[in-house]
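Engineer: Sharing a structure with you now.
The values are calculated or read from the model by the stated rules, or taken from the named source; none is laboratory data. Fair warning: this is a prediction, and the values are worked out from it, not measured in the lab. Reconstructed Cβ throughout: ideal geometry from the backbone, glycine too, with neighbour counts over all protein chains shown. Side chains included, ligands, DNA and RNA excluded: accessible areas come from the protein's heavy atoms. Shrake-Rupley method; radii C 1.70, N 1.55, O 1.52, S 1.80 Å.
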2 protein chains.
Amino acid sequence: MEKPSIPKGTRDFGPATMGKRQFIFNTIRTVYQKYGFQPLETPSMENLSVLTGKYGDEGDQLLFKVLDSGDYFEKVKSNPFKQKQIQKYADQFVYAFNLSLVGVSVIESDYLRIERILEKYKTILENIVQSYDDENDQLIFKLIINEKSLDILHKLLFSKDFDISKPLSAINDTTSNGALVLKMLNEWFIHRTTSKQLTKDIAEKGLRYDLTVPFARYVVMNRHEIAFPFKRYQMQPVWRADRPQKGRYREFYQCDADVVGTTSLLCEAEIVMMIREVMQGLGIADFTIKINHRGVLKGIADSIKAEGKETALYVAIDKLDKIGQEGVSKELTEAGFTSDNIDLLFKLLSTSGSNEEKRLALAALFNSDSGQKGLNDLKEVFNLLEEADSNQNNLEFDIALARGLSYYTGCIFEVKINNVAIGSVSGGGRYDNLTQSFGDKENLSGVGISFGVDRIYDVMEELQLFPKETQRSSTVLICHFDKESMRYSLKLLTQLRAKGIAAELYPDEAKIKKQLDYANKKMIPYVMVIGEEERNSGLLAFKNMEAGTQEKLAIEQIIGLLSK
Amino acid sequence: MEKPSIPKGTRDFGPATMGKRQFIFNTIRTVYQKYGFQPLETPSMENLSVLTGKYGDEGDQLLFKVLDSGDYFEKVKSNPFKQKQIQKYADQFVYAFNLSLVGVSVIESDYLRIERILEKYKTILENIVQSYDDENDQLIFKLIINEKSLDILHKLLFSKDFDISKPLSAINDTTSNGALVLKMLNEWFIHRTTSKQLTKDIAEKGLRYDLTVPFARYVVMNRHEIAFPFKRYQMQPVWRADRPQKGRYREFYQCDADVVGTTSLLCEAEIVMMIREVMQGLGIADFTIKINHRGVLKGIADSIKAEGKETALYVAIDKLDKIGQEGVSKELTEAGFTSDNIDLLFKLLSTSGSNEEKRLALAALFNSDSGQKGLNDLKEVFNLLEEADSNQNNLEFDIALARGLSYYTGCIFEVKINNVAIGSVSGGGRYDNLTQSFGDKENLSGVGISFGVDRIYDVMEELQLFPKETQRSSTVLICHFDKESMRYSLKLLTQLRAKGIAAELYPDEAKIKKQLDYANKKMIPYVMVIGEEERNSGLLAFKNMEAGTQEKLAIEQIIGLLSK
């Protein structure tokens, strides 16, 4: 039998890893809840009509699709004419076919008769093709009808079931001729179907690709029950059929928090505060929260006359970290920017100093409303932080932060861990039209943040930041020398657990060494060893596994120690 | 644009529901951890080779399959001869085809020539069919080669690309004839493919159906790193393509705990204790833990001479609750049991009294080792409970408990909530061969329990057992009369949160009524209202939303109250 395995790009999380992951999740959840965010969970599967078209063409391809249940392929086979267009051409086939039969003698020799019919049929088709104005129509018609239907006709005319005296009324009429043609076209259509077309017919559902689209879908469906501003957090896995590689998985968790239904910049300030609290809770001290504003980027675009080339500009700026000034310069030249404008761009990007200094420098240079609006928003966020007795520690106004081509419209955020070679561990920003892609007419502005658990995990491993407790399972293991001692220990076990102490009794009779090994492997910090002496005296051997020390204590004393 | 929706049988869990669900999950998790169980998470997708065949034919059909990424259908189309059997018949086609071309004159008239070839071909095929010994082989051959290949030959001989002077070397040789035949057979094969066959070629992965099979797979893959006895808990969703109906969902959570690698009956006793602690934690007072043993059932079977009919017997017993004594009686009569034996069965099943009394009564009646072994195991479990200062409260030895046809081999459990019309909320038992289905040769005995979160949720809703706190989000909301007051409140907010109090500041300028509405909708129990007077005096209006009272307090006093 083959050895079992797990799908590429997926992972098992065993106890050691789980302890650490739970620590990250609990830290994030605690902060989210403290800031008034409420939990939401959406189904793992969404209708593909909800997911498709929301992540661009590439995203659509990376969606995991779930096969419909039941006899899905039979449905496809029994109804190849789903697409209206094919029906249209099928009708033309019937028309041409019937016309080509007219005036052909039934008593002619088979072969001659067939040649005659095919000849006529070709001529009729030629005429039909000419009649199409649309080039695309002509092309498809030629492909489907001209080439394929000749094949089919060939076969049809030779078929022993074919009755030349009966013209077709439609491609799927109930005469034997109709059924024959249908079957033949059918076989061909299915074989010609591409994966992409077939998927539409056999997969109605897909796995969640992110948490934002399901959240938007939830808001649209529950708009009337929701108390706005709606602060929700969501911590669930998402799936992407990406090529797996180091640090990139096909199943991974996202931890999102969003507020929708308010444009208040307090939300942005609170996001900064939340990020700080999460980092503090995780024990990550050296990090930078980069903040920028789409308006600032627009201001830069306006200053360097990038009208119509904004996207190319943002994409290039976003790569500054990776390809450097020279690389960006090259890309922009290719995109048609003048060297004067590129020089101005780098002058703007090189603005330095405190957040406030950068802001003032840009304010003096910007000549557009968008730019000033962006700077004003940032100023307000900075002010709110100061007034909340918070500060701007760890917060850096990064003019070159662009966050790709996403749907952000206001402030944008990204969190980097300093001195660790890893991408951002968190990102987010404000968007104006969360629900618009579902045909929603109201503009629901929102702002959100997302933490990447896998990267945080890697950072914390590298910096050895996980508290030892995350590795522990039970607090104490009771070991025993003999059956009698094991039964004696049952009461102790109950007493420990009654005080909420995670405790275990080794379940089998075994050598003490084996029992202690078990404690070590499970990182259980304390062990009690019970033998005849302990049973008689009530003074129990109590071992601190880390310190390697042992004392004799009564159960009440042990409980006192462990309850601390 | 179509209104968005979610897939049938799936659910969104909004904040109100999530609060309650988290309460259930946390209660179960806390108990599991207290008993030394460690967390495990496995991927949502498993290879279908891991899942298929583990849940019976019906289970296989209920697996959600995930479409392969990329151009999956092209792969299928380009390789229809995956199945060895088809290759065999394809070779026969080539053989017969080539043979039928021999001696046919190239200069004959097209039509006559074709007739001749087809005639010869048919004869050759008849001979091949005769040569097959196996009836099944004959049938398939007739279907695929006899009927279909005549069609193909027909077409092939008329094709303008066909060169009669070139026999085929194989079905997929590189000559134009070979390619033609391949293409034609191909179209037909694909059209003939059933959903079941196609699924094998286009879906490699499926969604997890339960937590037991992934657990067994994990144990097999990580046997050498695991510290046995291995106590793991796992709380994750599972997916089943069942017909959705009330209380039955296509995505739902399971919360399992299992110990593997020991036969100690302490594990069974601890399961009883854990169930009790979970129920206590949830606030469910009136419940029954039903316990039985597969050995006891075998003892009953032995007593009533059910040899070879055990399965029918257990299935019937399992239905006693639903169809009553008369129904069971009828089923067993149909299964061939004598009325004497059926009478004896009901005598055994009607044994009454305390757990110990029932045990003794059966011990006197049983005549087989299995039966006595089962009773002894149960006795040991009862003893362990007593010795652990636990007791047999809520525990009922239910001789008719059978737990369907599952893989249990020792004790079995089921938990019923009394006076609530709902099935069991928890079930489990001991099994002997967790990893055997993966070809593992070692016998890993284990015992496990699983809680059904959805049923527990329904029970708790019906009995109104959810603590009010599960509905709450933030503890306090700060409302404000004007911009100045809002900014003043920022410091208060920071002070509250610094003490770990979940607090919110209403983010927009709005009428106080609207702000209070927000607090009510989010079930926030306390509200502070800040205006000019509060700013000047530092005495803040502090409202208890439930009691409807209000006092003026300093922030330190409020923090004192809320930190309690």
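Engineer: Apply the Karplus parameterisation 6.51 cos²θ - 1.76 cosθ + 1.60, with θ equal to phi minus 60°, to every residue of the stretch A:39-55 and state each ³J(HN,Hα) to the nearest whole Hz, in sequence, with x for glycine and proline.
Structural biologist: Ordered by residue, 3J(HN,Hα) equals x, 9, 10, 10, x, 5, 9, 10, 4, 5, 5, 7, 7, 5, x, 9, 10 Hz.
Engineer: Can you give me the % of accessible surface on the stretch B:472-562 that is carbon or sulfur? Probe 1.4 Å, all protein chains present, nothing else counted. Can you show the working numbers first?
Structural biologist: Working: 2120 of 4210 Å².
Result for the stretch B:472-562: 50 percent of the exposed heavy-atom area is carbon or sulfur.
Engineer: What accessible area per residue comes out for the stretch A:201-284, rounded to a whole number of Å², with a 1.4 Å probe?
Structural biologist: On the way: 2480 Å² over 84 residues.
Using a 1.4 Å probe on heavy atoms only, each residue of the stretch A:201-284 averages 30 Å².
Engineer: Ignoring solvent entirely, what values of log10 I(q)/I(0) come out of the Debye formula for the stretch A:420-495 at 0.15, 0.22 Å⁻¹ when each Cα is a single scatterer?
Structural biologist: -0.76, -1.00
Engineer: Sticking with this structure for a sec: If you take every DSSP beta bridge whose two residues both sit in the stretch B:472-562, what share of them, in percent to the nearest 5, is antiparallel? Before the final figure, lay out the partial values.
Structural biologist: Values: 9 of 17 bridges.
Roughly 55 percent of the beta bridges in the stretch B:472-562 run antiparallel, per DSSP.
Engineer: Let me ask you something else. Taking A:N26 in one copy and the same position in all the others, each labelled 7 Å out along Cα→Cβ, what are the pairwise distances from the first, in nm, shortest first?
Structural biologist: In nanometres, ordered from closest: 1.2.
Engineer: Something else about it: What lysines does A:K319 reach when the alpha-carbon gap must be under 19 Å and sequence neighbours fewer than 8 apart in one chain are set aside?
Structural biologist: Excluding near neighbours in sequence, the set is A:K290, A:K298, A:K309, A:K330, A:K347, A:K416.
Engineer: Okay, next question. Quick one: length gained pulling A:E484 to A:N391 fully straight, 0.36 nm per residue minus the C-alpha distance? Walk me through the intermediate numbers first.
Structural biologist: Working: separation 93, 0.36 × 93 = 33.48 nm, distance 6.30 nm.
Here the answer is 27.2 nm.
Engineer: How far, in nm to one decimal, is B:A498 from itself in the other copies if the label point is set 7 angstrom along Cα toward Cβ? Shortest first, please.
Structural biologist: Taking the point 7 Å beyond Cα along Cα→Cβ, the inter-copy spacings are 4.2 nm.
Engineer: Right, another one. A drop of at least 50 square angstrom in accessible area, chain alone versus all protein chains together, probe 1.4 Å. Which residues of the stretch B:190-214 meet that?
Structural biologist: When all protein chains are present, B:H191, B:S195 each give up 50 Å² or more of accessible surface.
Engineer: May I ask which residue of B:I512, B:I478, B:Q495 lies farthest towards the positive end of the charge dipole of the stretch B:473-554, with charges of +1 (Lys, Arg) and -1 (Asp, Glu) on Cβ and the Cα centre as origin?
Structural biologist: Checking the options against the dipole of the stretch B:473-554, the answer is B:Q495.
Engineer: Further question on the same structure: In nm, to one decimal, how far is the modelled label at A:N222 from the one at B:L349, with both set 7 Å along Cα→Cβ?
Structural biologist: Between A:N222 and B:L349, the simple spin-label model gives 4.5 nm.
Engineer: Further question on the same structure: For the stretch B:279-330 and the stretch B:492-533, what is the separation of their Cα centres, given in Å?
Structural biologist: Here the answer is 56 Å between Cα centres.
Engineer: Taking only pairs that are 8 or more places apart or on different chains, how many Lys pairs in the stretch A:472-562 have Cα atoms under 20 angstrom apart?
Structural biologist: Summing the qualifying lysine pairs gives 20.
Engineer: Then there is this: Nearest 20 debye, what's the magnitude of the dipole of the stretch A:348-495 about its Cα centre given +1 on Lys and Arg Cβ and -1 on Asp and Glu Cβ?
Structural biologist: Values: 14 positive and 21 negative charges, 111 e Å.
That gives the stretch A:348-495 a dipole magnitude of about 540 debye.
Engineer: For the pair B:Y407 and B:N341, what calculated FRET efficiency results from E = 1/(1 + (r/R0)^6), where r is the Cβ-Cβ distance and R0 = 22 Å, to the nearest 0.05? Mind dumping the intermediate values first?
Structural biologist: Details: r = 27 Å, r/R0 = 1.21.
Working from the Cβ atoms, E equals 0.25.
Engineer: Pairwise over distinct Cα atoms, reciprocal of the mean inverse distance: report the Kirkwood radius of the stretch B:472-562 in Å, one decimal place.
Structural biologist: 12.8 Å
Engineer: With a 1.4 Å probe and every protein chain kept in, tell me what percent of the accessible surface of the stretch B:301-388 is carbon plus sulfur.
Structural biologist: Details: 2170 of 4570 Å².
Looking at the stretch B:301-388 in its full context, I get 47 percent from C and S.
Engineer: Now, a different point. Summed for both chains, how many Å² of accessible area, to the nearest 100, are buried between A and B with a 1.4 Å probe?
Structural biologist: Values: alone 29880 and 29880 Å², together 49670 Å².
Summed over both sides, the interface buries about 10100 Å².
Engineer: Rounded if a/c is under 1.5, else prolate if a/b is larger than b/c, else oblate: which is the stretch A:353-443, with a ≥ b ≥ c the root eigenvalues of its Cα gyration tensor? Spell out each step's value before the answer.
Structural biologist: Values: a/c = 1.68, a/b = 1.22, b/c = 1.38.
Oblate, because a/c is 1.5 or more while a/b does not exceed b/c.
Engineer: Mind giving me the nanometre distance, one decimal, between the label points for A:Q130 and A:D432, set 7 Å out from Cα along Cα→Cβ?
Structural biologist: According to this spin-label approximation, the distance is 5.5 nm.
Engineer: Report the calculated FRET efficiency for B:E380 and A:T30 (r = Cβ-Cβ distance, R0 = 35 Å), to the nearest 0.05. Don't jump to the answer; show the numbers that get you there.
Structural biologist: Values: r = 43 Å, r/R0 = 1.23.
E(calc), rounded to 0.05, equals 0.20.
Engineer: With a 1.4 Å probe and all protein chains left in place, how much accessible area per residue does the stretch A:358-508 have, in Å²? Could the numbers behind the result be given before it?
Structural biologist: Numbers: 6050 Å² over 151 residues.
Result: 40 Å² of accessible area for each residue.
Engineer: What are the GluC sites (Glu not before Pro) within the stretch A:251-314 that DSSP puts in a loop, where the Cβ has at most 11 other Cβ atoms within 10 Å? Kindly include the intermediate steps, with their values, before the conclusion.
Structural biologist: Values: sites: A:E251, A:E268, A:E270, A:E277, A:E307, A:E310; in loops: A:E307.
Here the sparse-neighbourhood loop sites are A:E307.
Engineer: For the stretch A:1-25, list whatever residues lose no less than 50 Å² of accessible surface once every protein chain is in place, relative to that chain by itself, with the probe at 1.4 Å.
Structural biologist: Listed in order, they are A:M1, A:P4, A:S5, A:P7, A:D12, A:P15, A:M18, A:Q22.
Engineer: What residues does the stretch A:44-73 have that are buried by at least 30 Å² of accessible area in the full protein assembly compared to the chain on its own, 1.4 angstrom probe?
Structural biologist: A:S44, A:M45, A:N47, A:F64, A:K65, A:V66, A:L67, A:S69, A:Y72, A:F73
Engineer: Multiply the residue gap between A:Q22 and A:K468 by 0.36 nm, knock off their C-alpha separation, and tell me the result in nm, one decimal place.
Structural biologist: Working: separation 446, 0.36 × 446 = 160.56 nm, distance 1.32 nm.
Separation in residues times 0.36 nm, less the Cα-Cα distance, equals 159.2 nm.
Engineer: Here's another thing I want to ask about it. Output the Cα-based Rg and Dmax of the stretch A:236-280 in Å, rounding Rg to one decimal and Dmax to a whole number.
Structural biologist: 15.1, 40
Engineer: Okay, next question. Taking the Cα centre of the stretch A:472-562 as the origin, how large is its charge dipole in debye, to the nearest 20, when only Lys and Arg (+1) and Asp and Glu (-1) carry charge on their Cβ atoms? Spell out each step's value before the answer.
Structural biologist: Working: 14 positive and 12 negative charges, 58 e Å.
Charge dipole of the stretch A:472-562: 280 debye, to the nearest 20.
Engineer: Using 7 Å Cα-to-Cβ label points, what is the B:N443/B:Q61 separation (nm, one decimal)?
Structural biologist: Spacing of the two 7 Å Cα→Cβ label points: 3.5 nm.
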